[in-house]
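Let me begin by presenting the structure, written as structure tokens, before commenting on it.
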Amino acid sequence: MLTTAHQLQHCPECGAALPAATEMAQRCAECGFSYAADSVVFRPARPWRIYLLFAAALAILPGLLSFLETTLARLERPTPLQTLFAAAAIILLVWCGRRLRVLLEPNRYVAITPSGVAARTPRITARLGWHEMREITLRGSIPLIYRHANEPPVLLEWVFDPGEVDLFRAELQNVSRRWAQQVIPWRDAQFRSDLD
Ligand SMILES: [Zn+2]
């Protein structure tokens, strides 16, 4: 969900009240988050969705786990139904484990600001200056920012709503042209494995 600078009343990073945006770059008095009239902030439109999914998972997990237990107790001949439920329990446990981080970071955002991209995802909090960013690719449908310095690339995950990445790309180019007189190369190269 995109918020324009005019709609932005609180700092996405620290929550402090922000004076109205102008054409000039300003900073949050509390944390230094920079913004101006052409800044935009992306946030998940339905951040609470993960809580609902977790609640649903936790509601059915005990039943699945008891199936798993019975299946493991009688390893010699599980019925197909038991095998199915055991597999579902394992998949659900893995799903919950991988999303725990998302659950613990409700204030996720990606902002395009006069000084670059600021972001908080379940994994990272980062401020990337315009000249620190070398290129952007997509991992699946998630933007991945490569940096010039010998630092790991930044994956902007768990923030954008479906179909919003094109908007991010267009806004990024507009704003970087204005504030840094450059456009960060966006390569649609597919899978890059040097993230982790
Ligand atoms: Zn702030």
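Summary table
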| quantity | calculated |
| --- | --- |
| Evaluation of Tyr35 against (1) among the hydroxyl-bearing types (Ser, Thr, Tyr); (2) touching a strand residue (DSSP E or B) at 6+ places or on another chain (Cβ under 9 Å); (3) not assigned by TED's automatic domain parsing to the domain that holds Arg127 (one fails), failing number | (3) |
| Set Trp179, Trp158: member being among the hydrophobic types (A, V, I, L, M, F, W, C), in contact with a helix residue (DSSP H, G or I) (Cβ under 6 Å, 6 or more places away or on another chain) and either touching a residue at least 24 places away in the same chain (Cβ under 8 Å) or buried (at least 18 other Cβ atoms within 10 Å of the Cβ) (or both) | Trp158 |
| Residue among Leu92, Leu155, Leu138 that alone is among the aliphatic types (A, V, I, L, M) and not assigned by TED's automatic domain parsing to the domain that holds Glu13 | Leu92 |
| Residue in the stretch 33-51 that is under 23 Å from Gly97 (Cβ atoms) and of a type in the set (A, V, I, L, M, F, W, C) present | yes |
| Test: residue in the stretch 157-179 that is assigned to a strand (DSSP E or B), out of contact with any Cys (no Cβ under 7 Å at 6 or more places or on another chain) and modelled with pLDDT of 90 or more | no |
| Selection within the stretch 14-67 - in a loop (DSSP other than H, G, I, E, B) and more than 16 Å from the ligand (Cβ to nearest atom) | Thr22, Glu23, Met24, Ala37, Asp38, Pro44, Ala45, Arg46, Pro47, Trp48 |
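One line per residue, one yes/no per condition, for (1) surrounded by 13 or more Cβ atoms within 10 Å (Cβ to Cβ); (2) within 27 Å of Asn174 (Cβ to Cβ); (3) of a type in the set (Gly, Ala, Ser); (4) over 20 Å from the mean Cα position of the chain (by Cα):
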residue	(1), (2), (3), (4)
Glu69	no, no, no, yes
Leu84	yes, no, no, yes
Leu92	yes, no, no, yes
Thr121	yes, yes, no, no
Ala126	yes, yes, yes, no
Arg147	yes, yes, no, no
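The values are calculated or read from the model by the stated rules, or taken from the named source; none is laboratory data. Quantities reported herein were computed from a predicted structural model and do not represent experimental measurements. We place every Cβ from the backbone using ideal geometry, glycine too, and count neighbours over all the protein chains shown.
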